[in-house]
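Engineer: Take a look at this one; I'll ask things after.
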Amino acid sequence: MKFLFQSNNGFNKLILAIGLMLSLTALQAEASLTAGIADGKSVVYSSVSNLTWTGDANLLGTLMASQGYNAVVNAIIGASPTIYSTPYDTPFGSSDGQHHVSSADFFSSDGNATWYGAQAFVSYLNSINYAGSNQWALPSAGGEPHSGHIQIGTPFGDLFYSELGGGAGFNIPDTNYFTNEIRQNSVYWTDTEYVSSGIYAWDFNISGGYQVSDFKSYVAHIWAISPGNITAVPVPAAAWLFGSALAGLGAVSRRRSAGFDYE
């Protein structure tokens, strides 16, 4: 049987237009997050917040699993033995704003830590220049933090609602950008202290999409950010899709123009 494909400019233009529309739609949906590698480490850049997240959403837990709880905790304490914050702020008994970091700040090898342990961990990341950056920090809770859902304008709020399409009362949406997003006990520390009482700090619950304040002695997970774009791979996945679509449609167009015989 013989099939002869003849040139059809109208058909080619229609297919090309559809491909462009689909590719541009995907590009727009994914353009705010760019997964990449920086200094051999997985990171994700957010163009909405203009900051870079660690690609591992439970990096401390991963390091403890691979290097051992004691080794990681001792390294963190060695890099940042004291955390300074609001005086009279701690249930541990300090009244001068100095908290001496210890193994008690790290609940277990699953990556949970007190607010002080979280601060010490990001200081440790800076001491080892993790992913080529020494500006790691906990995400902010915003200029005027308050409890509740839809906290747009904060790193966690923008990530949950604007970039991953989360909804109030639901888990953080599944994503291919990050690994180890915690679903059980899914609370993450921010760096922001509670103004009215320094014994509290703000955290964000990714299983419900809301912000609340807790005792700094409470244990939660840690997801660090660095300002700006440190990724060495600046092209979103959708851009590759866009390019592939153009290449594929171009090949189809060339075959239809030239004509192909299939026996």
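FYI, it's all coordinate maths here, none of it is from the lab. Values in this document were obtained by computation on a predicted structure and should not be read as measured data. Ideal geometry is used to build each Cβ from the backbone, glycine not excepted, and the neighbour counts take in all protein chains shown.
Engineer: How much length is gained on full extension from residue 39 to residue 75, taking 0.36 nm per residue of separation minus their Cα-Cα distance?
Structural biologist: Numbers: separation 36, 0.36 × 36 = 12.96 nm, distance 2.03 nm.
Roughly 10.9 nm would be gained on extension.
Engineer: Please report the spacing between the Cα centers of the stretch 179-223 and the stretch 38-76 in Å, no decimals.
Structural biologist: 17
Engineer: Gain in length, residue 207 to residue 67, computed as 0.36 nm per residue apart minus the alpha-carbon separation, to one decimal in nm? Each step should come with its number before you reach the end.
Structural biologist: Details: separation 140, 0.36 × 140 = 50.40 nm, distance 2.82 nm.
Contour length minus the Cα-Cα distance gives 47.6 nm.
Engineer: Can you give the extra length, in nm with one decimal, that the chain gains between residue 134 and residue 215 once fully stretched, where that is 0.36 nm per residue apart less the Cα-Cα distance? Before the final figure, lay out the partial values.
Structural biologist: Numbers: separation 81, 0.36 × 81 = 29.16 nm, distance 2.75 nm.
Once the chain is fully extended between residue 134 and residue 215, it gains 26.4 nm.
Engineer: Simple spin-label model, 7 Å along Cα-to-Cβ: residue 195 to residue 50 in nm?
Structural biologist: So the two model labels end up 2.4 nm from each other.
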